[in-house]
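I have placed the structure first, in the form of structure tokens, so that the comments after it can refer back to it.
The values are calculated or read from the model by the stated rules, or taken from the named source; none is laboratory data. None of the values given here were measured: they were computed from a predicted structure. A quick note on method: Cβ atoms are made from the backbone with ideal geometry, for glycine too, and the neighbour counts reach across all protein chains shown. In case anyone asks, the SASA skips ligands and DNA or RNA and just uses the protein heavy atoms, side chains included. Shrake-Rupley method; radii C 1.70, N 1.55, O 1.52, S 1.80 Å.
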Amino acid sequence: MPESNTSTIDNLSHETRSFAPSAEFVAHAIAKPEQYEAATADRLGYWADQARKNLTWDADFTETLDWSEAPVAKWFVGGKVNAAYNALDRHVEAGLGDRVAIHFEGEPGDTRSYTYAQLTEAVKQAANAFESLGVAKGDRVAVYLPMIPEAVITMLACARIGAIHSVVFGGFSADALRSRIDDGEAKLVVTADGTFRRGKPSALKPAVDEALSTPGHTVENVLVVKRNGEDVNWTSLDKWWHEAVETASTEHTAVGHDSEHPLFVLYTSGTTGKPKGIIHTTGGYLTQASATHRDTFDLHPESDVFWCTADVGWVTGHSYVAYAPLINGATQIMYEGTPDSPHQGRWWEIVEKYGVTILYTAPTAIRTFMKWGRSIPDSYDLSSLRVLGSVGESINPEAWMWYRDVIGTNNGKNGERKEHPAPIVDTWWQTETGAHMIAPLPGVTATKPGSAQTPVPGITVDVVDEMGVSVANGEGGFLVIRDPWPGMLRGIWGDMDRYKDTYWSRFEGMYFAGDGAKRDEDGDIWLLGRVDDVMNVSGHRLSTTEIESSLVAHPYVAEAAVVGAKDETTGEAVVAFVILQIEPPEGEDVVATLRAHVGKDIGPIAKPRHILVVPELPKTRSGKIMRRLLKDVAEGREVGDATTLADNTVMTQIAESMRK
Ligand code: PRX
């Protein structure tokens, strides 16, 4: 195990608290213990049942799994299915057209609700509009939108016509957007004039203009949603959404696409400078996303109000905003803004207003609320909440207990507490896995603060040592997945070799997730963070190498090393060490310039929290940067074993430059 993780293992192994579900919860729970047994006895049969139960197929599949071209899987072979029909039309046909699909809450307080019937019409219009702009099955559509209903409408319209969406998080820069447009050769870009951030309009369209300002791209049209009403620059590619989409016909027949037809590409950071376009296909992805959404959250679609706070720019917003809740016919909340605008009780106000029953968010948000103080949530009525989810990084036991005691036990503004707090489900998964892989079942599992615990039914997860051998209870190692699963990635866009090398070469015949993990004495799994050069900042994946490449591309910088330093709120914070190659001009603020440079290159989330200008970097004799030592420095620890350094005066020099 990496050294930085050893102390965590010991701290965690002492957790002895566990909370069994109440008898009442168990009595009404959707997922039953028998599901584990059924899935273990016949894994493929279990998934075939889930596929047929959760989705309406235009043509049934003839084979559940074809693994003959491993590690590229084919699930539900021969089946034909349309994601948008499953998310929308079939619910309307079943008489649920008046059920609210999305309650949208804009940051300035404007609201819009779409019933299933209305959302179906909106998606049909978008599908017609995209087709009349020349978008056909298999074409790529780049989506660069804020958290507004048009984001989901766009994704589903693409799915309906078989176009492949590539959503780029609105916080990424023009350069990052362009490289994703180029990699996927997108034909259409869907964006907005902008959004609102902390009460003020915030622009998006200028980044698209900048991204497309140099020739050589494949984009034929840019659709622009009018959201914040700010003036925008207009180019020959641009068309207003309200003119092109909202005037289109509401008639559109969905046809089934092959189960293995690509549904989307989503870029995520890897260990090199180039983000990976993770490919997901239709039948398997939708099956696992919908099954886990139902089981992990104990979803009762007729009465629950589900709220996943993730942005559609990340995989959580794909699986648990755009797809699974709608496939399952649920009512969900979509919120545009930040938790502190216009006040720090905004989320709890939304929970109270809509009677949210299931809340799915990230530990970094919970820790932020802890910092703001419990008196804020205490002054709202959160009694409707009955299941609480966590995702993105390990949730530390303190945050877990706070989530339970403060949010999950709230029974009204007057300080009344619930006798049975809402269970917490910590869900481990990745962009690559498509859907939950490790998570308790809230009506079955006695939950433990800080542990994701147990694979979901039908998934075979293991913790192995360096040699790929399963570790015993009480021991740590590497997290692997032993068998193919329906929601698994099918490859990396344009680079199948990288797919094989990244995930399937470390351990023979197993998928290597890149995470360290430990099994405790009960066999429960604890996630210990990445074991590669990937950082996790506020639940978002960032590559150390990508930020290093950005830094060294600046004319001031000769060499750079980036590490993730532990941070109380964001999990990790980006800290960069740079060696300059030129003397910057008099009065130049090098640190500010370099931070802005990374922000422009990748996006504001990648801006280093601290940049330290140093004379040398610690390297081994073979020239490898010893990030471990830099991490010690960044976290304010005594520097660890430095005996393998080529030049052992380096750390003294770094310590000196820090004191300056
Ligand atoms: O390190 C793990 C961490 O986030 C990584 C996946 O990041 P991404 O693809 O961006 O997807 C995030 C949302 C699914 C994993 O390799 N991670 C995610 N969930 C957890 C987690 N670490 C610990 N506990 C979790 N529940």
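Things to note:
- Long-range tail of P(r) for the chain (Cα pairs > 40 Å, %): 27 percent
- Translational diffusion coefficient (Stokes-Einstein; Kirkwood radius from C-alpha pairs) of region 64-121 at 10 °C, 1.306 mPa s, in µm²/s: 113 µm²/s
- Set of lysines with alpha-carbon distance to LYS74 below 23 Å, sequence-local pairs under 8 removed: LYS53, LYS137, LYS276, LYS500
- Solvent-free Debye scattering, log10 I(q)/I(0), computed from the Cα coordinates of region 458-511 at q = 0.27 Å⁻¹: -1.09
- Going by accessible surface with a 1.4 Å probe and the largest first, ILE654, ILE376 read ILE376, ILE654.
- Descending principal axes extents, region 371-510, alpha-carbon based, whole Å: 58, 37, 28
- Our summary gives the chain a relative contact order of 14 percent, counting only alpha carbon pairs under 8 angstrom and 6 or more residues apart.
- Peptides 566-573, 23-30 ordered by average Cβ neighbours within 10 Å, highest first: 566-573, 23-30
- Spatial separation of Cα centroids for region 551-588 and region 445-495, in angstrom: 34 Å
- Positive-end residue of ALA157, GLY283, VAL265, charge dipole of the chain with Cβ unit charges: ALA157
- Look at the alpha carbon pairs under 8 Å that are at least 6 residues apart: their mean separation over the length of region 241-379 gives a relative contact order of 19 percent.
- Sum of side-chain charges, ALA126 neighbourhood, beta-carbon under 12 Å (Lys, Arg +1; Asp, Glu -1): -2
- With all protein chains in place and ligands, DNA and RNA left out, the 1.4 Å accessible area ranks GLU220, GLU586 as GLU586, GLU220, largest first.
- Note on GLU246 and ARG621: their simple-model spin labels are 7.0 nm apart, each label 7 Å out from Cα toward Cβ.
- Inter-label distance, nm, simple model (7 Å from Cα along the C-beta direction), SER132/ARG482: 5.5 nm
- Simple label model, 7 Å out from Cα along Cβ direction - GLU63 to LEU96, nm: 3.3 nm
- Here the ratio of the Cα radius of gyration of region 534-659 to 2.2 N^0.38 Å is 1.02.
- Estimated FRET transfer efficiency (GLN344, LYS200; beta-carbon r; R0 25 Å; 0.05): 0.90
- Listed by chain and number, the lysines whose alpha-carbon sits under 25 Å from that of LYS619, ignoring those within fewer than 8 places in the same chain, are LYS274, LYS566, LYS607, LYS631, LYS660.
- Annotation: aspartates and glutamates with alpha-carbon distance below 18 angstrom to LYS418 (same-chain offsets under eight excluded): GLU24, GLU352, ASP378, ASP381, ASP405.
- At R0 = 60 Å, FRET efficiency that the Cβ-Cβ distance of LYS600 and SER375 yields, to 0.05: 0.90
- Here the gap between ALA23 and THR643, fully extended at 0.36 nm per residue and compared with their Cα-Cα distance, gives a gain of 217.4 nm.
- Cα gyration tensor shape for region 312-373, rounded if a/c is under 1.5, else prolate or oblate: prolate
- Between the C-alpha center of region 320-383 and that of region 162-219 there is a gap of 27 Å.
- Residue-level accessible surface for ASP533, protein heavy atoms, 1.4 Å, Å²: 60 Å²
- For region 70-162, average projected area of the Cα convex hull in nm²: 8.1 nm²
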